[in-house]
Amino acid sequence: MSLMKPGFRRPPNPVTQAAFRRQVRREVYLPIGLTLLAIGLLVAAAAAVSYGTTSAWADTMLILLAVPTAILLAVLLAVLVAGSYLLIRLVREIPGLTSGLQQGVDRVAGAVQRGSDAASRPVIAPRAIAAALAQAGRSFRSLFRAE
């Protein structure tokens, strides 16, 4: 068991933080920056050469945007269809799997009921007999009481 407070944090290590920042720059920011630079250079080269019309570039960009979107939607549709199929199979299988569990719970509930009845019988039976005798005594006394 730790004796430290749950909110305690060690102070950051400047050496490991600097190494982590260098690694992030090298592995994250550098590839993103090079990709954006390459796209910018390609656009500048295409504009300098006057390659294609504005309409052709618009059509190309539309295709470049539509194809990944269509692929992602097809993957999403496949996941939803597979999930629906598995859910239908599961709904068909659940009653068979849970009927045994339900029977077991019913058996346990019956056993608990019988156990509680058996445990309370030594306490309740004498009290019930005492209450019945007391009521009989009151009834018997009322017969001889003149009112």
Exercise for review: For helix 14-24, report the angle its Cα long axis makes with the longest principal axis of the Cα atoms of the chain; keep it between 0 and 90° and round to the nearest 10°.
Suggested key: 70
**Study point:** Gap separating the Cα centres of the range 60-85 and the range 9-31, nearest whole Å
**Key:** 36
Practice item. Before rounding to the nearest 500, sum -39500 (n - 2.57) across all DSSP H runs of length at least 4 in the chain and divide by the residue total; then give [θ] at 222 nm in deg cm²/dmol. Key: -30500 deg cm²/dmol
Check your understanding: Does anyone have the angle between helix 30-49 and the longest principal axis of the chain? Alpha-carbon axes, 0 to 90°, nearest 10?
Key -> 40
Check your understanding: Of Y51, S99, I39, which is farthest on the positive side of the dipole of the chain, counting Cα position, with +1 on Lys and Arg Cβ, -1 on Asp and Glu Cβ, and the Cα centre as origin?
Key -> S99
Review point. Roughly what angle does helix 54-144 make with the longest principal axis of the chain, taking Cα atoms, 0 to 90 degrees, to the nearest 10?
Key: 10
Point to revise | Estimated FRET transfer efficiency when R0 is 41 angstrom, pair L77-T16 (beta carbons, to 0.05) | key: 0.35
Exercise for review: Would you mind counting up the charge near A18? Only other residues with Cβ under 13 Å from its Cβ, with Lys and Arg at +1 and Asp and Glu at -1.
Suggested key: +4
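None of the figures in this text is laboratory data; all of them are computed from the coordinates on show. As the structure is a computational prediction, the values presented were derived from the model and not from experiment. Methodologically, a virtual Cβ is constructed for each residue, glycine included, from the backbone with ideal geometry; neighbour enumeration extends over all protein chains shown.
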